[in-house]
1. With a cap of 12 neighbouring Cβ atoms within 10 Å, and only residues DSSP puts in a loop, list the GluC sites (Glu not before Pro) found in the range 281-374.
2. Kindly work out what percent of the DSSP beta bridges joining two residues of the chain are antiparallel, to the nearest 5.
3. Does the range 38-132 come out rounded, prolate or oblate by the C-alpha gyration tensor, with a ≥ b ≥ c the root eigenvalues, rounded set by a/c under 1.5 and, if not, prolate when a/b is larger than b/c and oblate if not?
4. Would you work out the relative contact order for the range 131-268, in percent, from Cα pairs under 8 angstrom that are 6 or more residues apart?
5. Counting other C-beta atoms within 10 Å, and keeping those with at most 15, which DSSP coil trypsin sites (Lys or Arg not before Pro) do you find in the range 184-291?
6. Loop-only check: which GluC sites (Glu not before Pro) in the range 54-148 are DSSP coil with at most 10 other Cβ within 10 angstrom?
7. Given the range 131-268, what percent of its DSSP beta bridges are antiparallel, to the nearest 5?
8. Return the distance in nm (one decimal) between the two label points of a simple spin-label model at S301 and R366, each offset 7 Å from Cα along Cα→Cβ.
Amino acid sequence: MTKIIVVGGGAGGLELVTKLGRKLGRKGKAEVTLVDRNRTHLWKPLLHEVAAGAMDSGIDSLSYRSHAHNHGFHFQLGSLSNIDRDSKTITLAPMLDEAGKPMLGERTLSYDILVLAIGSVSNDFGTKGVSEHCIFLDRPQQAEHFHDELMNRFMQYGEGELLQEKVDIAIVGAGATGVELSAELYNAVEHLGAYGFKNLSPDCLRLTLIEAGPRILPALPERIAGMAHKELHQLGVDVRTKTMVVEATDKGLITKDGELIPATLMVWAAGIKAPDFLKDISGLETNRINQLTVKPTLQTSRDDSIFVIGDCAHCLQENGKPVPPRAQSAHQMASLVYRNIRARLNSKPLKNYEYKDHGSLVNLSRYTTVGSLMGNLMRGSMMVEGMFARTVYVSLYRMHQVALHGYIRTGLMMLVGRINRLLRPRLKLH
């Protein structure tokens, strides 16, 4: 029986392994296995909501093991450490428990087809002090850590224990994550006062959003970025463009001009790279940010048995530009690799990947949503904002849920979500 292993249970990896499990695993046509270092899945574009407390990862996360049981594939908890292309095996590193004690030893799994969907991590570009003093938002655990620190700072402020006159937060990187987190933090402050946090109001928050480039949201049209900039300014965000951070300290961020931007909480969201261990792994071709180079079929340039999807794939479009690291890219890649794996098993020709840009949306919490749509409904692009844009933004997550659970279960989950909005606090308070 053909053995298919998917490493990485992010947006693309989990959608792919779910399809393979339903169509091949359940019918005994292949043995399908998902490998991930976490026990649960949470859609990465929502991590800023976890960080601000607008979403509870303990409730909204999906269990890999339960999902595997329901959809015809196996799950292995572990981290990839090596690939042996000659013997067609992967090695999973030993795992330790929370106390640092050995939990699982090194394991070896064999494959006929391997799919790498490992995603990306924050790129600090070697900036001094960032790894020690800044929080990244690559995983739910990091978002939860930020949320805990945020609650502590607000508690200190309310009880008069914080030495600063305001809660100083700095976010480096004004892409979608930085902009959306900025708005969510102001939304959090407005709600927390109702739950017994003393003296809290938007005036107690001093938030600085720092961008090295000439404007925020460089992936979006300038007009839309300008709309978002105006909204952030009205909320009270100090937006600094053309500002390069050269060092992070326990007191804040130091810019290239020597200015200290004070902050007790710092988030780094300035760029991405594939994990360092992928660099030239097993002799596979990688680029300067560790992404694996792939052919148009999404097979690696040096091994047709290995496919790569999502943020860790270096895939060029027809115009020579790399496919952007977005959730829609991972979704499209997962769909193509599913078809190509089935074609490969049936000895049929494989198809090439063509990235289709459906636009980008940025959600500024409950204040507004802005973005551009591209696709079959119009020629070129259409700028959208407000309630319509918010509806489209939410529908992207619903499409991901439908791919994993189907329409009926997704509908039931939406109903439960509506009920929980009446029963649960608006923000996670613990």
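Values quoted throughout were computed directly from the atomic coordinates according to the rules given, and no laboratory measurement underlies them. Please read all numbers here as calculations on a predicted model, not as lab measurements. Positions of Cβ are backbone-derived with ideal geometry, glycine not excepted, and every protein chain shown enters the neighbour counts.
1. Numbers: sites: E285, E318, E354; in loops: E285, E318, E354.
When the GluC sites (Glu not before Pro) of the range 281-374 are filtered for loop state and at most 12 Cβ neighbours within 10 Å, E318, E354 remain.
2. About 55 percent, rounded to the nearest 5.
3. oblate
4. 31 percent
5. K198, K242, K251, K256, R288
6. Numbers: sites: E98, E106, E132, E144; in loops: E98, E106.
Sites meeting the loop and neighbour criteria: E98.
7. Details: 7 of 21 bridges.
Once the DSSP bridges in the range 131-268 are tallied, antiparallel ones form about 35 percent.
8. Here the answer is 5.0 nm between the modelled labels.
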